[in-house]
Amino acid sequence: MTAKTLLVLPGDGIGPEVMAQVRRVVEWLARRRNVTFDWREGLAGGAAIDAHGVPVSDETMADALAADAVMLGAVGGPKWDGVAYEKRPEAGLLRLRKELGLFANLRPAVVFDALVDASTLKPEVVKGLDIMIVRELTGGVYFGEPRGIHELPEGGFKAVNTQAYSSYEIERVGRVAFELARKRKGKVHSCEKANVMETGVLWRREMTALHKASYSDVTLEHMYADNCAMQLLRNPHQFDVIVTDNLFGDILSDEAAMLTGSLGMLPSASLGAADADGKRKAMYEPVHGSAPDIAGKDIANPCATLLSFAMCLRYSFDMMAEADLIETAVQNVLAGGLRTADIMSKGMAKVSTTVMGDSIVRELDKLTG
Ligand code: NAD
């Protein structure tokens, strides 16, 4: 069996604590499923600044490019607040995303039955929710040129950002969304503002053409992004996969995430282009940050990182059964009443990061007899 190379970048704050729980699941996979990973660790964010003066060293970048997948904990913290803008911990993340060419960001918003009350929406609106948001990650207004703030001769300033998309950028992220929908409920909502933006007109045109050419088995609906924001709150069950640009995706994915009510439960994947063998560069990370306020206390919720690892198994290694097992184990442990502090509710048992990890590994044992 060829080893699957995993570059693990625990990062800062709670990153190492939650990643330690992934390590235990990886050990369980070796022990019980005969699946081995070539686990390599590197530094990213503040930890890399302390060691190398940069948030991601060239060596780590080379390791990331050579790996089959990258797992990232979280980066940042008050210790590095004074670091120059281009060297701050988050710049390491941006370098990884850019050099790995990660153009599609996948953010599932899943409401586990046991946590249905954690949402601010009524249980009947969010129960059983399972949405996948696909956000274009490397184009659009966050990167478009020209940009800047200029002083005006008549006084005051003018700020400029440019929203720009080309056909290939829309098509490649569109393909990711259609492929995902094929393995889910077969529906894609493509969201833009074609009513007021040319980029929206092109987005709609390209998505329509791609659908017709290659994905007519999937249902495609176009929706204005502002309407999507409303519909996510009104009737989120109508959605399966939502694909949208960088700016709208930033906002809509946070909105959808909050339908689930809890930052400690949210995984993500960022994917690059497929090579000739169909393999993609990919990085998996929890949505939350380094949570410096709770770092080192063994109270962080490891579920977001464990669920990110499940996405890694699913999308980088085609290990659907193992990904399902991890997701089911997390679900069952929550259903059994265990909670880390962030998702604690009345009548439940509050447990540490380590005990949550223990319980999930034990549940994996139980699930596989
Ligand atoms: P954060 O996500 O780190 O924390 C927000 C709140 O949620 C905190 O109260 C924290 O304790 C809690 N929280 C987050 N994850 C949790 C978990 N797994 N279990 C329990 N509670 C959890 O966001 P922030 O406080 O705005 O940022 C802290 C640092 O993280 C900053 O330096 C920021 O730049 C960085 N950050 C990094 C990433 C990343 O690495 N992808 C993302 C967001 C923020």
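Output the peptides 284-293, 9-18 sorted from most to least packed, where packing is the average of other Cβ atoms within 10 Å over each peptide's residues. Don't skip to the answer; put the middle values down first.
Details: 284-293: 21.8, 9-18: 27.5.
Ranking the peptides 284-293, 9-18 by packing returns 9-18, 284-293.
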Label-point separation in nm, Ala276 to Ser352, each point 7 Å along Cα→Cβ: 5.2
Förster radius 25 Å - calculated FRET efficiency between Ala51 and Ala84 (Cβ-Cβ, nearest 0.05): 0.90
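Taking the DSSP beta bridges in the chain as the whole, what percent of them are antiparallel, to the nearest 5? Before the final figure, lay out each step's value.
On the way: 21 of 49 bridges.
Antiparallel bridges make up about 45 percent of those DSSP assigns within the chain.
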Ranked by how many other beta carbons lie within 10 Å on average, peptides 341-347, 125-131 from highest: 125-131, 341-347
Mean Kyte hydropathy of -1.0 or more with a Cα span along the axis of at least 20 Å, helices from DSSP in the chain: 15-33, 167-182, 198-214, 246-260, 320-335, 353-367
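Suppose the chain between Met230 and Arg184 were pulled fully straight at 0.36 nm per residue; how much longer would it get relative to their current alpha carbon spacing? Kindly include the intermediate steps, with their values, before the conclusion.
Working: separation 46, 0.36 × 46 = 16.56 nm, distance 2.31 nm.
Net length gain for the segment: 14.2 nm.
As a check on your grasp of the helix formula, calculate [θ] at 222 nm for the chain: sum -39500 (n - 2.57) over DSSP H runs of n ≥ 4, divide by the residue count, round to the nearest 500.
Numbers: 12 runs with 153 residues, N = 369.
Using -39500 (n - 2.57) per qualifying helix, the result is -13000 deg cm²/dmol.
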Highest-fluctuation residue, Val330, Val26, Val75 considered, GNM on the chain with Cα pairs under 10 Å: Val26
Dipole magnitude of the chain about its Cα centre (Cβ charges: Lys, Arg +1; Asp, Glu -1), debye to nearest 20: 800
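Between Asp293 and Tyr142, what is the FRET efficiency for a Förster distance of 22 Å, r being their Cβ-Cβ separation, to the nearest 0.05?
Numbers: r = 28 Å, r/R0 = 1.26.
Once the sixth-power term is evaluated, E becomes 0.20.
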Separation of alpha-carbon centers, segment 186-260 and segment 120-175, rounded to whole Å: 13
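Read-outs throughout are calculated quantities, based only on the coordinates presented, and are distinct from any laboratory measurement. The structure presented is a predicted model; accordingly, all values stated were derived computationally and were not measured. Ideal geometry is used to build each Cβ from the backbone, glycine not excepted, and the neighbour counts take in all protein chains shown.
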